[in-house]
Amino acid sequence: MVDNLPLLPLHYCQTWLLLHDISTILCFIIFIYTSHHYIYIYIYIYIYIYIYIKAIDLPTPLCTHLTTSAMASTPKEIASEFLPFIRVYKDGTVERLMGSPYVPPSARDPETGVSSKDIIISDNPKISARLFLPQTLDQNVQNQKLPVLVYFHGGGFCFESAFSSDHHRFLNRLVSKAQVVAVSVEYRLAPEVPIPICYQDCWDALQWVASHTENEDVGAANKEPWLLNYGDFGKVYIGGDSAGGNIVHNIAMKAGTESSSVKLVGAFMSHTYFLSSKPLGSEPKGEEFKNYVPCMVWGFLNPSTPGGIDSPMVNPAGPGAPSLAGLGCSKLLVCVSSKDELRDRGVWYYDLVKGSGFKGEVELFEVEGEEHAFHILSEAETQNVKKMINRLASFLV
C-alpha cells in the first residue's frame, strides 16, 4: 500500500525532519532545567516520541522513499557515447565533452576593434548567427561597401558554435585584416538532428544573406542594417574549417545547381573533413582504418546513412557524387597543414577539383609544421597564424 501512496513534495519531508531536530533540542533543554520534577521527564519523552513518529512515519516507508528517490538524484542512463567528444542519454539529452566556451558579442573587440552582434535568421527552424564589422569602417558613410563572408564553423558536426571563444577570436582577426562583413552561422548540430540538416540550415542562412540585395523584395523587419548598409553583394564568399569546410563544399555544390539571387565569388575551406572507404596517404590501413577517428565520427553520427563513408556528403568522388565541375563559385582556395591528419584529404580534394573540368580558379595553400585548425585554436597570434590570416584575407577581395 505504501508504494501506491502519492509522494509528498520533498520540502514537506525536510520540514518534518527539521521540526523533529528543533523539538528534540528544546525538549532536552527543558529536561535539563526541570529534571527534579518527574512530570517534565514524562512530557519530554511524550513530545519527543510524538514528533519523531510524525517526522519519520508519514508512514515511515514513504519518508524513506522520499530520501532515497527524491533527495538522491538518479544517474541518467547512457544510450551511446563517443569519447572524448560526446555522450547521448536515453532521455534524449546530449552532453558535449569538448568545445570552447561561449563568449558574448562585443561592441568593440579590445585587440582588433571589430564590432560583433548576434541576430536571429529564422525562428522555425531555429537558425541564428554572429555578425562582425571591421573597425576602420566609417559607419556614418552609407555607400561604403565591403565583401560579405558567410562562415561555417567546425567541430565534427556535433560540437563548437558560432558563439564559441575560438571561432569568435578567429573571425575578429580575419574581419580586421580582410575588411569584410562576416556572418558566422549557428547551424543545428548532430545528433539532435541528422547531419544533412546542417547543410540546409547553412543554405537557408546564405539565402537570407542574399535577400539583402537591392532587387530582393523582403520585409524591412527581416533585414539586417549592417548587411544593407555595408554589404557588397557582388562579392559574396563562403568559408569554413574542418566540418565547416565540408559544409562549404556541399553548399558550393548546391549553389551550382539551384537558382539564387546571389552568386558566390569564391569559397575557401581549411583542414576539411572528407573521407572515403579507401585509405589514402598517411591514413591507417586495413582494420586500423575502422578505428580512425574521422571514420568513427561519421559512423557514430550517421549509422544509417546510405553509402556510409562513401556518401557524396563526405566523399566528393564517391558513387553517385555529382561532378566537381559544378561547384557554384568562380574561385576556390583549399588550405592544409603539414601535421594535420586530414592534410592528405585536402590535397586529394584539390586534385579532384583540378581534374574535374571546373572552370574557375583553384589553389592549394599549405602551412608547414602546424596541426589541425591551428589558426582557430591558437590563442596567440603566432607567425603561422598571421600567415594563414593574411592568405585568407588576400583571397577575400
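The values are calculated or read from the model by the stated rules, or taken from the named source; none is laboratory data. Since the model is a prediction, treat every value here as computed from it, not as a measurement. Cβ placement follows ideal geometry from the backbone for every residue including glycine, while neighbour counts extend to all protein chains displayed. Accessible surface areas use protein heavy atoms only, side chains included; no ligands, DNA or RNA. Shrake-Rupley method; radii C 1.70, N 1.55, O 1.52, S 1.80 Å.
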*So how many residues does the range 269-294 have that are out of contact with any Pro (no Cβ under 9 Å at 6 or more places or on another chain) and within 20 Å of ILE197 (Cα to Cα)?*
3
*Restricting attention to the range 311-321, which residues are open to solvent by 60 Å² or more (accessible area, probe 1.4 Å) and in contact with a Gly (Cβ under 7 Å, 6 or more places away or on another chain)?*
PRO319
*asked:* Can you find, within the range 185-211, the residue that is surrounded by the most Cβ atoms within 10 Å (Cβ to Cβ) among those that are part of a loop (DSSP other than H, G, I, E, B) and within 13 Å of the chain's Cα centre (by Cα)?
replied: TYR187
*Taking VAL88 as meeting all but one of (1) open to solvent by 10 Å² or more (accessible area, probe 1.4 Å); (2) closer than 22 Å to VAL248 by Cα, write down the number of the exception.*
(2)
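Filter the helices (runs of 4 or more DSSP H) completely within the range 322-397 down to those with at least 2 residues that are modelled with pLDDT of 95 or more and surrounded by fewer than 17 Cβ atoms within 10 Å (Cβ to Cβ).
Working: elements: 343-354, 374-377, 383-395.
Where helices (runs of 4 or more DSSP H) fall fully within the range 322-397 and carry at least 2 residues being modelled with pLDDT of 95 or more and surrounded by fewer than 17 Cβ atoms within 10 Å (Cβ to Cβ), they are 343-354, 383-395.
Could you check, for the range 224-247, whether at least one of its residues is touching a residue at least 40 places away in the same chain (Cβ under 8 Å), touching a Cys at 6+ places or on another chain (Cβ under 7 Å), crowded, with 20+ Cβ neighbours inside 10 Å and within 23 Å of VAL353 (Cβ to Cβ)? Spell out how you get there, then give the answer.
First, pick out the residues of the range 224-247 that are touching a residue at least 40 places away in the same chain (Cβ under 8 Å): 224, 226-227, 229-233, 235-247.
Next, only the ones that are touching a Cys at 6+ places or on another chain (Cβ under 7 Å) stay: 247.
Narrowing the set further to residues that are crowded, with 20+ Cβ neighbours inside 10 Å leaves 247.
Imposing the further condition that a residue be within 23 Å of VAL353 (Cβ to Cβ) reduces the set to 247.
So far as the range 224-247 goes, yes, one or more of its residues are touching a residue at least 40 places away in the same chain (Cβ under 8 Å), touching a Cys at 6+ places or on another chain (Cβ under 7 Å), crowded, with 20+ Cβ neighbours inside 10 Å and within 23 Å of VAL353 (Cβ to Cβ).
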*If you go through the range 103-131 one residue at a time, how many are out of contact with any His (no Cβ under 9 Å at 6 or more places or on another chain) and either under 15 Å from GLU224 (Cα atoms) or part of a strand (DSSP E or B) (or both)?*
11
*Of all the residues that make up the range 253-310, how many are open to solvent by 50 Å² or more (accessible area, probe 1.4 Å) and within 25 Å of the chain's Cα centre (by Cα)?*
8
*Could you look through the range 346-385, keep only residues that are without any contact (Cβ under 8 Å) to a residue 40 or more places away in the chain and within 25 Å of the chain's Cα centre (by Cα), and pick out the one that is farthest from ALA325 (Cα to Cα)?*
ALA380
